[in-house]
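The structure appears below as structure tokens.
The values are calculated or read from the model by the stated rules, or taken from the named source; none is laboratory data. What you see is a predicted model, and the numbers here were worked out from it, not measured in a lab. Note that we place each Cβ from the backbone using ideal geometry, even for glycine, and neighbour counts take in every protein chain shown. Quick note on the areas: whole protein, heavy atoms, side chains included, nothing else; ligands and nucleic acids left out. Shrake-Rupley method; radii C 1.70, N 1.55, O 1.52, S 1.80 Å.
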Amino acid sequence: MTDMLDQYRVAEEPYYRPVADEVALYEAAYAAKMPVMLKGPTGCGKTRFVEHMAWRLGKPLITVACNEDMTASDIVGRFLLDAEGTRWQDGPLAFAARHGAICYLDEIVEARQDTTVVIHPLTDNRRVLPLEKKGELLRAHEDFHLVISYNPGYQSLMKDLKQSTKQRFGALDFSYPDHATEVEIVSHESGADPGDADKLVSIAERARNLKGHGLDEGISTRMLIHAGSLMARGIEPPAACRMALVRPITDDPDMRDALDAAVATYF
């Protein structure tokens with residue numbers, strides 16, 4: 001089983017720049033077996049944070065990208081038919097609970113509510129997962145930890161977590177870093193010149209002010225790293241920004257012109 005878990009271990013330290021006390025809070029939550037909910041906009045570092053903490057704690061990390069077609073069987077497990085007959089295969093949640101990994105359910109709000117309720121018995125003092133099809137009550141390993149994430153900006157009446165789910169978790173708020181920290185992150189991750197990274201962050205700050213006024217979402221730190229990576233490889237800044245920053249987030253001609261003008265201000 002050690003070999004099976006090895007593929008989920010984070011071999012090298014993922015670069016993560018703490019912005020507050022989130023590292024200490026997560027470590028305390030892990031020690032207390034408190035499930036953790038990460039809330040924040042897309043591309044602000046939630047997944048990188050979980051990877052960093054898994055590396056820091058030396059625990060395997062199993063990530064599930066949630067979607068609206070995901071069923072409870074997809075994360076809990078199912079019987080499979082092979083040459084020798086039927087056999088049970090744990091889903092990622094059951095596998096993590098059985099063997100003591102961190103299970104990260106990314107963008108859990110995308111999953112159907114009848115799917116998310118299966119995590120409830122794992123997120124209170126019981127720490128069990130009923131495998132009803134198998135007739136087994138799986139008791140979570142001491143090292144098992146559950147982390148979920150979602151973007152509150154996409155909340156709606158149809159896509160939000162139930163209070164009965166939310167109140168089982170401790171929550172950490174994530175946002176885009178302050179200007180200087182974001183410049184440091186973009187420069188480090190992309191290899192771009194710090195001066196260029198500074199300009200990219202300034203463009204993003206302008207675009208984020210347009211959220212709700214023509215843009216569904218602002219330019220993320222991830223997108224800035226993409227732009228910086230293109231620039232570090234010799235692409236001219238205006239072209240890099242058009243490809244990595246402007247074109248992905250809007251198809252509206254007027255909004256594109258406004259963002260292109262912001263790019264032109266700095267490059």
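For this structure, a couple of remarks:
- Evaluating residue 219 against the criteria (1) buried (at least 23 other Cβ atoms within 10 Å of the Cβ); (2) of a type outside the set (Phe, Trp, Tyr); (3) in a helix (DSSP H, G or I) leaves one unmet condition, (3).
The rows are residues; the columns are (1) among the acidic types (Asp, Glu); (2) outside any strand (DSSP E or B); (3) in contact with a His (Cβ under 6 Å, 6 or more places away or on another chain); (4) touching a residue at least 12 places away in the same chain (Cβ under 8 Å).
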residue: 34; (1), (2), (3), (4): no, yes, no, yes
residue: 37; (1), (2), (3), (4): no, no, no, yes
residue: 41; (1), (2), (3), (4): no, yes, no, yes
residue: 44; (1), (2), (3), (4): no, yes, no, yes
residue: 48; (1), (2), (3), (4): no, yes, no, yes
residue: 59; (1), (2), (3), (4): no, yes, no, yes
residue: 68; (1), (2), (3), (4): yes, yes, no, yes
residue: 96; (1), (2), (3), (4): no, yes, no, yes
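- Filtered residues of segment 113-137 (kept if touching a residue at least 40 places away in the same chain (Cβ under 8 Å) and loosely packed, with under 15 Cβ neighbours inside 10 Å): 113, 114, 117, 120, 124, 133
- Set side by side, the residues 50, 19, 36 differ, and just one is touching a helix residue (DSSP H, G or I) at 6+ places or on another chain (Cβ under 8 Å) and either small (Gly, Ala, Ser) or open to solvent by less than 50 Å² (accessible area, probe 1.4 Å) (or both), which is 36.
- The set of residues from segment 80-100 being open to solvent by 60 Å² or more (accessible area, probe 1.4 Å) and under 20 Å from the mean Cα position of the chain (by Cα) is empty.
- Looking only at segment 56-96, and only at residues there that are among the polar types (S, T, N, Q) and touching a helix residue (DSSP H, G or I) at 6+ places or on another chain (Cβ under 8 Å), the one that is farthest from residue 150 (Cα to Cα): 71
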